[in-house]
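Colleague: Got a structure for you, questions after.
The values are calculated or read from the model by the stated rules, or taken from the named source; none is laboratory data. Predicted model, so just to flag it, every value in this text is computed and none were measured. Quick reminder, even Gly has a Cβ in these numbers, built from the backbone with ideal geometry, and neighbours come from all protein chains shown. These accessible areas exclude ligands, DNA and RNA; they are computed on the full protein's heavy atoms, side chains included. Shrake-Rupley method; radii C 1.70, N 1.55, O 1.52, S 1.80 Å.
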Amino acid sequence: MSRDAIVAKRVDSGSADLTEISDLARAAGYDVVGELTQSREEDGAYMFGEGKVEELAALVVETGADVVIVDNRVGPYQLFNIGSKLPDEVEVIDRFTLILDIFGQRAHTKKAQLQVELAELRYELPRAEAKASLAKRDERPGFMGLGEYDESREQDIKAQIARIKRELDAIAEKEETRREERRESGFDLVALAGYTNAGKSTLMRQLAADLSVDENDELHPDLDPTAESEDRLFTTLGTTTRRADTGTRNVLLTDTVGFISDLPHWLVESFKSTLDSVYRADLVLLVVDASESTEEMREKLVTCHDTLYERNEAPIVTVLNKVDKVDESELAEKKRALSALAPNPVVVSGLTGENVEELTARIEAELPDWQRERLLLPMTDDTMSLVSWVHDHGHVEREEYGEDSVTLEFEARPAVVEKARSKAADLAAVESA
Ligand SMILES: Nc1nc2c(ncn2[C@@H]2O[C@H](COP(=O)(O)OP(=O)(O)OP(=O)(O)O)[C@@H](O)[C@H]2O)c(=O)[nH]1
Ligand SMILES: [Mg+2]
């Protein structure tokens, strides 16, 4: 059964762009049968102007659409008001509900299903809270039943949220352990990040072209030989890790869900553990579709940097992808215009494989070098836990126990060395206190 949708969007001024919301609608399985835009300030009751909503109602009747998708933040009352002008069976949904719908359809793993469930509950919670407090305020006896019902619904949502968070935390912990195990076995972790449809999965297949999966089966049972690509938003939802052959370093490359603009905090938060593969990588390849206009590239780069900003710990290499679709002078102009957001980018085509060697060379060059360090640790209650932490995060080459001290010589990533130093300083401070 195909579902027909009208996409609608309001902007305060200028002209509304429906490209992305239409792509999202198609990704969710809708046929887009009508479009409506408005440029004016927000109306409190209807979000659009009331006249525009009447126009929308006429368009719904004319096209026989089943759903209206609004690419704005629409309050519950505005949603209700718009709906009241439309034929009864027509559903009105916003951008977030649409994205959740796509994620729900693509969620095939336990983790993805939990994340979608969590996002749905977080979407519902403030609405249930509003209902419960409205019902509580209403003293009329006939409404008491509703009040109790909604209050228990609110408690129920909170309990479910807590339960799912616990389950997801446990999964995240396992994944963190696995990342550490991989590092300990000498792998560098490189993550592909970027706006949805930028070409991450396509690039993944290029970089991992010479992969021999069987060779590593025992070490990494979860390595997945395929990373699907399609000209569709959110083709990838889960996380795929493969071995990439870059030369001297042992690299594990991870492909995961793409970023998109204008997502509320609670939605991003629900997918946090998926994005951990990016946030906790040793190097991030930020993939950008260079065949789009400079303005689109700029907006998407800003979204990507915002998404990475607080949590990302790794250096970032910008990768301008799809250069088979861009001529040289245009590319030079785009590089110049975006130099602040995308400094010193590597230019590739994931599709044709053009320039992929340059990218692998860049990966090798940018991966942080391991540092050698020698620490003299005083013997305190916490010394042994620091020693085992260093074992877990680097290669210990010498470990010597003296009367009241331990000498530790090891190699590790700069960040690990720095942390070990500061932990060692803490030990010394405690001892002298
Ligand atoms: N012309 C051209 N098309 C490309 C290139 N790389 C990817 N594409 C196309 O762009 C579309 C998206 O590619 P994907 O690899 O699925 O993109 P993605 O970033 O993984 O997308 P999501 O998983 O949806 O976030 C597909 O139709 C690819 O064939 C390229 O270098 N050149
Ligand atoms: Mg993908």
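Colleague: Based on what the data block shows, is Glu42 within 16 Å of Leu79 (Cβ to Cβ) and either aliphatic (A, V, I, L, M) or touching a residue at least 12 places away in the same chain (Cβ under 8 Å) (or both)?
Modeller: Considered against the rule, which asks whether it is within 16 Å of Leu79 (Cβ to Cβ) and either aliphatic (A, V, I, L, M) or touching a residue at least 12 places away in the same chain (Cβ under 8 Å) (or both), Glu42 comes out as yes.
Colleague: Can I ask one more? Looking at the range 65-103 only, could you name the residues that are assigned to a loop (DSSP other than H, G, I, E, B), β-branched (Val, Ile, Thr) and touching a strand residue (DSSP E or B) at 6+ places or on another chain (Cβ under 6 Å)?
Modeller: Val74 - this is the single residue of the range 65-103 that is assigned to a loop (DSSP other than H, G, I, E, B), β-branched (Val, Ile, Thr) and touching a strand residue (DSSP E or B) at 6+ places or on another chain (Cβ under 6 Å).
Colleague: Now, a different point. Working carefully through the options Val323, Val284, find the one that is open to solvent by less than 20 Å² (accessible area, probe 1.4 Å), of a type in the set (Val, Ile, Thr) and over 24 Å from Glu175 (Cα atoms).
Modeller: Just one listed residue meets the conditions, Val323.
Colleague: Looking at (1) under 23 Å from Val278 (Cα atoms); (2) out of contact with any strand residue (DSSP E or B) (no Cβ under 9 Å at 6 or more places or on another chain), which one does Trp370 not meet, given that it meets all the others?
Modeller: Single failed check for Trp370: (2).
Colleague: Counting just the residues of the range 21-64 that are acidic (Asp, Glu) and part of a helix (DSSP H, G or I), which one comes out least open to solvent (accessible area, probe 1.4 Å)?
Modeller: By that ranking, first place goes to Asp23.
Colleague: Scan Leu376, Leu351 and give me the residue that is within 16 Å of ligand 2 (Cβ to nearest atom) and open to solvent by 60 Å² or more (accessible area, probe 1.4 Å).
Modeller: Leu351
Colleague: Counting just the residues of the range 256-308 that are part of a strand (DSSP E or B) and farther than 22 Å from Asp324 by Cα, which one comes out modelled with the lowest pLDDT?
Modeller: Phe259
Colleague: Looking at (1) away from ligand 1 (no atom under 12 Å from the Cβ); (2) at pLDDT 80 or above, find the lone condition where Thr246 falls short.
Modeller: (2)
Colleague: Determine which single condition Gly394 fails, assuming it passes every other condition in (1) open to solvent by 80 Å² or more (accessible area, probe 1.4 Å); (2) touching a Phe, Trp or Tyr at 6+ places or on another chain (Cβ under 6 Å).
Modeller: Exception for Gly394: condition (1).
So that you can scan it fast, the table gives a plain yes or no per residue for (1) in contact with a Ser or Thr (Cβ under 8 Å, 6 or more places away or on another chain); (2) touching a residue at least 60 places away in the same chain (Cβ under 8 Å):
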{"residue": "Glu295", "(1), (2)": "no, no"}
{"residue": "Glu313", "(1), (2)": "no, yes"}
{"residue": "Lys334", "(1), (2)": "yes, no"}
{"residue": "Ala337", "(1), (2)": "yes, no"}
{"residue": "Gly350", "(1), (2)": "yes, yes"}
{"residue": "Thr360", "(1), (2)": "yes, yes"}
{"residue": "Gln371", "(1), (2)": "no, no"}
